[in-house]
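The values are calculated or read from the model by the stated rules, or taken from the named source; none is laboratory data. Worth saying up front: this structure is predicted, and the values here are computed from it rather than measured. Neighbour counts are summed over all protein chains in view; Cβ atoms, including those assigned to glycine, are modelled from backbone coordinates with ideal geometry. For accessibility, only protein heavy atoms count, side chains too; no ligands or nucleic acids. Shrake-Rupley method; radii C 1.70, N 1.55, O 1.52, S 1.80 Å.
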Amino acid sequence: MLDFAIFAVTFLLTLVAAVLYLYPASRQAAGIPGITPTEEKDGNLPDIVNSGSLHEFLVNLHERYGPVVSFWFGRRLVVSLGTVDVLKQHINPNKTSDPFETMLKSLLRYQSSGANVSENHTRKKLYESGVTNSLQSNFALLLKLSEELLDKWLTYPESQHVPLGQHMLGFAMKSVTQMVMGSTFEDDQEVIHFQKNHGTVWSEIGKGFLDGSLDKSTTRKKQYEDALRQLESILKKIIKERKGGNFGQHIFIDSLVHGNLNDQQILEDSMIFSLASCVITAKLCTWAICFLTTSEEVQKKLYEEIDQVFGKDPITPEKIEQLRYCRQVLCETVRTAKLTPVSARLQDIEEKIDKFIIPRETLVLYALGVVLQDPSTWPSPHKFDPDRFDDESMMKTFSLLGFSGTQECPELRFAYMVTTVLLSVLVRRLHLLSVEGQLIETKYELVTSSKEEAWITVSKRY
């Protein structure tokens, strides 16, 4: 039961610790509708445990109380916004700090996130440059890794069940490590070593620190610290090499090295990007293929677009940009899967949202998983329907939420391109099929995943 409770409240703990740990608590409820604390010390944590996850708790809370709701984390007030209209009132497009990055840095005990607006803007530009240049310079590599996976799947008989999540994680690890950190990871053993340490660090983020169990377990704490130390050691070595050398292939770290950042900032930004990109890329690839296996019509339409754009010609960066429907498929994947169900901001000034006053230094959650399933914004919200993004207003709403356009996080932008190339390679040659009778249940964490392995089968188009 303790493990379940830890799991259920992990995400909320993560958000609160990451955003509020330097700030005093707000005790003012401000008349915002919501629920009173179930327990004086824990606030509404028991309610979150009973709901199964923070996302599911927020779904119930917004259904009961409306678009602006409040609850209590311990003795701290938390406000959640659950419709596009109220988010429009709160989102500041000029903010350049990434709440996901801030959260991870705090949990890794990195302390360089207190930059001013100008510094944040500069680092955002470096991130954008890093993603663009690494994708352009390593397109042939990305295509090669995609084709290697295709060749493997082409050898499978039609009856063979393919462990999709496992394969996508492996593919994402190979892609991200080489495009972010370079040729060291051409060696599969280096990738496996990185994946092991990555898994150890990621599994403890937002859990072991926050519930105190990591400090109570000498073995787990040592494993975590050793894994983080090894990841940092690898990055420090690569940063040093890239500073002193002249390389033909541009990798993500190069943009940070050539920017006006100190060594600690380069290390931290490289760590955050590599950790998050591996997970976001793996889950986007997994969910996209899952949804394609359950929608024959969408898969057929995607195949037709791929065939029309490429024909028998090679896949190129220029033609990849023409895959408009594929981008709609990926946007709809993010929406339907609720890929990142919650985001957060610290309220830096007192502000009126709707008819309610949100006090300064209140944690404000963006209940993105609720918003992405709101029928007033998305007709038939539970239907996987990429055609909805033919509507320009839908794409503008999606961009407002941070999933497209200038507000999308660099890790997601990176994942979009990697997944686009992979789908172009796979769908061109294969029918992607579901396993009959399989029920895929969702696990809502920092990045949404399936509770159990997702299995598919494949058959050759030609």
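The table below lists the values:
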read-out	value
Positive-end residue of N260, L87, S434, charge dipole of the chain with Cβ unit charges	N260
Pairs of lysine residues in segment 123-250 - Cα separation under 16 Å, sequence separation of 8 or more or cross-chain	9
Karplus-derived 3J(HN,Hα), 6.51/-1.76/1.60, for each residue of segment 322-334, Hz, glycine and proline x	7, 7, 5, 5, 4, 5, 5, 4, 6, 4, 5, 5, 4
Relative contact order computed over the chain (Cα-Cα under 8 Å; 6+ residues apart), in percent	23 percent
Between segment 218-254 and segment 352-377, the alpha-carbon center distance in angstrom	38 Å
Equivalent ellipsoid semi-axes - Cα gyration tensor, the chain, angstrom	34, 27, 22
Taking all pairs of distinct alpha-carbon atoms in segment 291-380, Kirkwood radius in angstrom	16.5 Å
Lysine pair count for segment 327-462 [Cα-Cα under 28 Å; pairs on different chains or 8 or more apart]	14
³J(HN,Hα), Karplus 6.51/-1.76/1.60, whole Hz, each residue of segment 253-261, x for Gly, Pro	4, 4, 5, 6, 4, 8, x, 8, 10
C-alpha center-to-center spacing [segment 307-333, segment 410-424] in angstrom	11 Å
Residue order for W455, W153, W202 - accessible surface, 1.4 angstrom probe, largest first	W455, W202, W153
Helix-derived mean residue ellipticity, 222 nm - over the chain, DSSP H n ≥ 4, -39500 (n - 2.57), to 500	-18000 deg cm²/dmol
Cβ-Cβ FRET estimate between Y462 and F247, R0 fixed at 35 Å, reported to 0.05	0.35
Extreme residue, positive dipole direction of the chain, given options F185, Y110, S53 (C-beta unit charges)	Y110
Three principal axis lengths of segment 307-462 [C-alpha, angstrom, descending]	62, 39, 27
Dipole-positive endmost among S380, C409, T419 within segment 310-448 (Cβ charges, Cα centre)	T419
